[in-house]
Every structure is written in C-alpha cells, then in structure tokens.
Amino acid sequence: MSELPAISIRVSGAVEPRRCVELAKAADEDGFAALWFAENPFQRGVLATAGACAAATRRVRIGVGVVNPYMRHPAQIAMDFAALDELSGGRAILGIGSGIAGALQRVGFDTSRPVAAVREAVEIVRALLSDQSVTMNGQVFKIDAARLGFPARPLPIYMAAASERALRVCGQIADGLIVSNMTPPRMTRRMAAIVVDAAAEAGRPKPWFVQYVPCAVADDREIARAAVKAAIGEALTLLWPVGDIWPLRREVAVAESGIPRRDFVFALERLRRGEPAAEVIDERFVVAFAIAGTAQECLQQAERYRETGVDELALTFAGTRAAEGITQLATALP
C-alpha cells in the first residue's frame, strides 16, 4: 500500500453531543489521529461538546475547524481555546475561517472583508495565547491593550481557505490549511501548490493540510455507496446556491470534478425536487467527492489524497452505522 495520510474523524453541530462523545471514544481507542468539529451557524455550538470529548479521551487530538471571528470575537476565541487546550492536556487545534457569509449576514454581520477578518483574528489570537498585550487598529478589528489573565500556550492555528488570496494568506501566517467538503482532489492539488509557494516566499515551513471528505465503510460496497450518496446529496443542496449563478469556488469545484456543469445543474434540480439521492447521484460524484466501499477500498481511495498533498483526511462517516464503519476502517489501517 502507498503512503496514507493521517486518518481522522469529523463531526459537526448537526450531531447530537452524546453521540459525538461516543465517536470520540471510538476514535481514541481505534488509533485515529484527531476528532474534528465543524461549526456552522444555527447548528449546535461545538465547544461544549469538544470539551466533553476532550475529557472523555486521552490521546486523540481535538480540532475545531472552523470558528469564525464574527460570531466569536478573536479575544473570545483565545479565551475559549486556551481553556479547551488546558482541559485536553495540550491536544487542541484551532481552525479559523470566514464562515458562511449568507448565514452571517442574516444576523447583521458585515462580511465584506473576509480575508482581512481571518488574518487579523489569527494575529490577535496568536498574540494573546503567547501572553502578549495586543493593540490593533485593523480593517475589521480594533483592540486596545488586551491580554489574557491566566497562563496559556500557543496553539496550532489552521485556516480554512479556498480563494487564491486566502490560500496565500494561509501560507504566510497559518500552521495548517483546512480544505472543506466537496473539494475534488484536482482542486486540492492546485490549492496546496498555492499555499506551499506562499509559505516558501514567507520563509515558513509548509503548513499541514487537512481535508474533510464524506466516507462510508461497509462489507457490502453497495450499502456504503448508497450511504455516501445521501451525504453528497445533502452537501450539494446545502452548499450550492439555487439557480445557475454560483460563486467562483463552486464553479471551480465543478470544473475540477470532471462532471459536466449541465449534469451538475440537473442533479441539483432533481435533489431539490425531493428525488432520492441514491437515484440522482451517480458514480462520478462518489469518485469526485467521497470515499466509500469496503475498508480496504476506502484506504486505497485515501491514497490519492496523499498524492495531492493532503497530510490528514478528516472523514465524515455517513449512514446509520458510523461507529461500525469507524471500527472496520481502524482494523484495516496498517
């Protein structure tokens, strides 16, 4: 078998907290690298659950990717994550991103400078966690002589990024890049190259690359594929706007997937009419956006992400038997 990326588990605020703790224990016992929490507006906040998972585990890293600096001010991010790192015994990883603009705008935030917001947030959080007094008169944040009132330690700070400008900033300032769901491997390769170049120009080491990918594992590969098709269908309807005008990032994802745009549009129309994802999503979507099959098949599919520059895959286990799939994959790991 070729070299694999590190394998982690991803959950989100859509998952009931006690279920997250169960998955965290499985990840800890089965040798997975990390448990990643994705936080989205109007779902459950994940920090309470992340803390519970940290207390219930001993080894697995606890990553949150991402929090946005609008709903949580950078000073609050530093306070919260210093506490999470203390609770976990130094296992916390912080991911910062600009968030889902449409959702943030509905609650009154100005998201017109997303890259500046993330850059300034990283600077503020990193300084506060390094026991520094912070004063900033930035484009987005203004802070005057702020300092944490307790000892903390610097944490790894990752960025979620997709645009070329954001990717270059990631290379310049972040310890890692978080690549979101529904990013095909060809697109990941292009993104990784931009980050690596920017880091080299800044005289910094290559950031660690984490990619989120839907996954389903089962002894019957058709059962696994049916489960992951449902996850892909849900992500498509959530992330792609209604209509034919899409943000550049979505256009690029479609182009890099190898699926003709007209087929994408047709699939979205059918999903929004309520047709079952198992009938709408064909094999091309599974290959482009997911990992599915038996445990050995999933590991073989994971190898191609390593070839694009990904250091760690954070897998969102689809279907009703996620814990069983996690154990099957863990057993197959070399």
remark   = Given (1) more than 16 Å from A160 (Cα to Cα); (2) not in a helix (DSSP H, G or I), A78 misses just (2)
key: Single match in S98, S88 (criterion: of a type in the set (S, T, N, Q) and under 23 Å from V134 (Cα atoms))   = S98
message = When you check I7 against the structure, is it within 30 Å of S163 (Cα to Cα), crowded, with 16+ Cβ neighbours inside 10 Å, in contact (Cβ under 8 Å) with a residue 24 or more places away in the chain and touching a strand residue (DSSP E or B) at 6+ places or on another chain (Cβ under 9 Å), yes or no?
response = yes
task = Could you run through the range 287-298 and say how many residues are more than 24 Å from I62 (Cβ to Cβ) and touching a helix residue (DSSP H, G or I) at 6+ places or on another chain (Cβ under 6 Å)?
result = 8
ask   = Are any of the residues in the range 235-254 outside any loop (DSSP other than H, G, I, E, B), surrounded by 14 or more Cβ atoms within 10 Å (Cβ to Cβ), small (G, A, S) and free of Cβ contacts under 8 Å to residues at least 40 places away in the same chain?
value = no
remark   = In the set A330, A314, the lone residue that is more than 17 Å from S12 (Cα to Cα) and of a type in the set (A, V, I, L, M) is A330
ask   = Is at least one residue of the range 201-210 surrounded by 24 or more Cβ atoms within 10 Å (Cβ to Cβ), of a type in the set (V, I, T), closer than 30 Å to P260 by Cβ and touching a residue at least 60 places away in the same chain (Cβ under 8 Å)?
value = yes
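Given the options R165, R153, name the one that is over 23 Å from I62 (Cα atoms) and either surrounded by fewer than 22 Cβ atoms within 10 Å (Cβ to Cβ) or modelled with pLDDT under 95 (or both).
Answer to the selection: R165.
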key: Any strands (runs of 3 or more DSSP E) falling wholly within the range 92-159 and containing at least 1 residues that are touching a residue at least 40 places away in the same chain (Cβ under 8 Å) and polar (S, T, N, Q)   = none
key: Residue match in the range 66-86 (condition: out of contact with any helix residue (DSSP H, G or I) (no Cβ under 7 Å at 6 or more places or on another chain), surrounded by 15 or more Cβ atoms within 10 Å (Cβ to Cβ) and β-branched (V, I, T))   = yes
Scan of the range 186-220 for residues that are farther than 26 Å from A323 by Cα and not aliphatic (A, V, I, L, M), ordered by number = R186, T188, R189, R190, D197, E201, G203, R204, P205, K206, P207, W208
query = Is there a residue in the range 277-286 that is among the basic types (K, R) and at pLDDT below 95?
reply = no
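Any residue that is outside any loop (DSSP other than H, G, I, E, B) and within 13 Å of A314 (Cα to Cα) - is there at least one of those in the range 43-56?
no
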query = Of E86, E39, which residue is within 14 Å of L155 (Cβ to Cβ) and of a type in the set (D, E)?
reply = E86
query = Which ones in the range 1-42 are part of a loop (DSSP other than H, G, I, E, B) and under 20 Å from L84 (Cα atoms)?
reply = G13, V15, E16, F32, A33, E39, N40
ask   = Here is a list of conditions, (1) assigned to a helix (DSSP H, G or I); (2) under 22 Å from the mean Cα position of the chain (by Cα); (3) crowded, with 19+ Cβ neighbours inside 10 Å; (4) without any contact (Cβ under 8 Å) to a residue 60 or more places away in the chain, and Q172 meets all of them except one; can you say which number that is?
value = (3)
ask   = In the range 100-120, which residue that is closer than 18 Å to P41 by Cα and in contact with a helix residue (DSSP H, G or I) (Cβ under 8 Å, 6 or more places away or on another chain) is surrounded by the most Cβ atoms within 10 Å (Cβ to Cβ)?
value = V118
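The values are calculated or read from the model by the stated rules, or taken from the named source; none is laboratory data. Quantities reported herein were computed from a predicted structural model and do not represent experimental measurements. Note that we place each Cβ from the backbone using ideal geometry, even for glycine, and neighbour counts take in every protein chain shown.
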